[in-house]
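Please treat every number below as a calculation from the coordinates, not as lab data. What you see is a predicted model, and the numbers here were worked out from it, not measured in a lab. Here Cβ is always computed from backbone atoms with ideal geometry, including for glycine, and neighbour counts include all displayed protein chains.
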Amino acid sequence: MRELFLGWQRVVNGFELIEVEEEEALFVFRCTHFDWRTRKCGSYASRPFMCRDYPRALLDQPWPVLFDACGFRPIARNAEQMRAALRDQQIPEAEREKLEKKLYLR
């Protein structure tokens, strides 16, 4: 099944396997359609569903993890109120900033 999955990703989606993280049971792929110079997809009209749905599919998760290069950033609906509540607490500034990032408050 693994070889079938990897073959499908390579042939159909154009994803090249670059790393396997055994502990996390995670495959890391590089898209052969992405142009790093222009930062655009070379097959945008026929891109796979996972690309069409990224990052929207992650935003319903409690702790969405987006790629660092991704331009999207989730922000909590009540971010301003939460930031104000954190400012009222006796939390060191560095710790407060970590919490704000983890809770998607900015």
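Annotation: the residues T32, T38, sorted from fewest to most other C-beta atoms within 10 Å of their own C-beta, follow the order T38, T32.
For the residues M50, M1, M82, what sequence is obtained by ranking on other C-beta atoms within 10 Å, fewest first?
M1, M50, M82
Are there any chymotrypsin sites (Phe, Trp or Tyr not before Pro) in the range 30-91 that are in a DSSP loop and have at most 13 other Cβ atoms within 10 Å? List them by number. Please list the in-between numbers first.
On the way: sites: F34, W36, Y44, F49, F67, F72; in loops: W36, F67, F72.
Passing both the DSSP loop test and the Cβ count: W36, F67, F72.
The Cβ shell under 13 Å around E97 holds other residues with a net charge of +4, Lys and Arg each +1, Asp and Glu each -1.
As a length-normalised measure over Cα pairs under 8 Å and 6 or more apart, the relative contact order of the chain settles at 14 percent.
Among the listed options (1) 0.95; (2) 1.10; (3) 1.14, the one matching Rg/Rh (Cα atoms, Kirkwood Rh) as calculated from these coordinates is (2). If R0 is 41 Å, the Cβ-Cβ spacing of R39 and D88 corresponds to a FRET efficiency of close to 0.50.
Database remark: amide H of F29 closer than 5 angstrom to the amide H of I18 (H placed geometrically; neighbours at sequence offset of 5 or more, or on other chains; Pro and chain starts carry no H). Residues with amide H under 5 Å of F34's amide H, sequence separation 5 or more or different chain, H placed in the peptide plane at 1.01 Å from N; which? Here G42 satisfy the definition. Relative to the longest principal Cα axis of the chain, at what angle does helix 93-102 sit, 0 to 90 degrees, rounded to 10? Helix 93-102 sits roughly 40 degrees off the main axis of the chain. Straight-line reach from K40: taking Cα to Cα under 29 Å and skipping same-chain neighbours fewer than 8 places apart, the lysines in range are K101, K102. A Förster distance of 25 Å, applied to the separation of the beta-carbon atoms of L99 and D53, puts the FRET efficiency at 0.30. Our helix-only sum for the chain, with -39,500 (n - 2.57) per DSSP H run of n ≥ 4 divided by its residues, gives a mean residue ellipticity at 222 nm of -7500 deg cm²/dmol.
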